[in-house]
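Scroll down for the structure; my scribbles are underneath it.
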Amino acid sequence: MPTEVPELDDHDTRILTELQRDARTSMAELGRLVHLSQPAVTERVRKLEMAGFIRGYRAIVDYQRLGYGLRAILRVGRVDYARMVKLIEQVPEAMNAFNVTGGDHWIVEIAVIDVEHLDAVVTRFGILAETTTSIVLNIPREHATVLPARREDIKPAIRKVTGR
């Protein structure tokens, strides 16, 4: 069943866009960017926060500057859910974790210092289940701006030529 997205107007959408670009933007500057007064934009941001559209604000850090030379995607097979969640919580190198469908039951993004460190982290997960690891070579898109989902923006599927 599709999730019902509450109606957001153009101002709300522009506010969300600007805050995703730079959450440190002052309310006065944000108002200028979205063509609203500072009090009006402050009230809209508060409402977006209260409605759960904005869940928080955080800094985006540079993994390499913090000493993490490698990032990797770890795919983990069938494993007890509670045991996996507990391990993810115990492994600080696990940056993001997703319980997914398909052959792999978990996808975990990890950040490590080097290959030796990678081996140590992968081994911890490998004790629970079979794993497959891919080292991230580059990241052409990360932290993309997310706008409200709108069904009318979906492009129709490509029609296959069947010969009929």
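The values are calculated or read from the model by the stated rules, or taken from the named source; none is laboratory data. Quick caveat: nothing in here was measured; it's all calculated off a predicted structure. Glycine also receives a Cβ, built like all others from the backbone with ideal geometry; neighbour counts cover every protein chain displayed.
In this structure, Thr131 does not satisfy being more than 30 Å from Asp10 (Cβ to Cβ), more than 21 Å from the chain's Cα centre (by Cα) and loosely packed, with under 15 Cβ neighbours inside 10 Å.
For the stretch 135-161, the tally of residues that are outside any loop (DSSP other than H, G, I, E, B) and surrounded by 10 or more Cβ atoms within 10 Å (Cβ to Cβ) stands at 1.
Answer with yes or no whether Leu33 is of a type in the set (A, V, I, L, M, F, W, C), surrounded by 14 or more Cβ atoms within 10 Å (Cβ to Cβ) and either under 25 Å from Glu152 (Cα atoms) or modelled with pLDDT under 95 (or both). Explain how you work it out, then say what you get.
Numbers: of a type in the set (A, V, I, L, M, F, W, C): yes; surrounded by 14 or more Cβ atoms within 10 Å (Cβ to Cβ): yes; either under 25 Å from Glu152 (Cα atoms) or modelled with pLDDT under 95 (or both): no.
No; evaluated as a whole, the condition is false for this residue.
Kindly establish whether Glu109 is more than 28 Å from Gln20 (Cβ to Cβ) and either hydroxyl-bearing (Ser, Thr, Tyr) or not assigned by TED's automatic domain parsing to the domain that holds Glu18 (or both). No; evaluated as a whole, the condition is false for this residue.
Taking the stated definitions as given, is Arg32 over 28 Å from Ile139 (Cβ atoms) and either touching a Gly at 6+ places or on another chain (Cβ under 6 Å) or not assigned by TED's automatic domain parsing to the domain that holds Val121 (or both)? Yes; evaluated as a whole, the condition is true for this residue.
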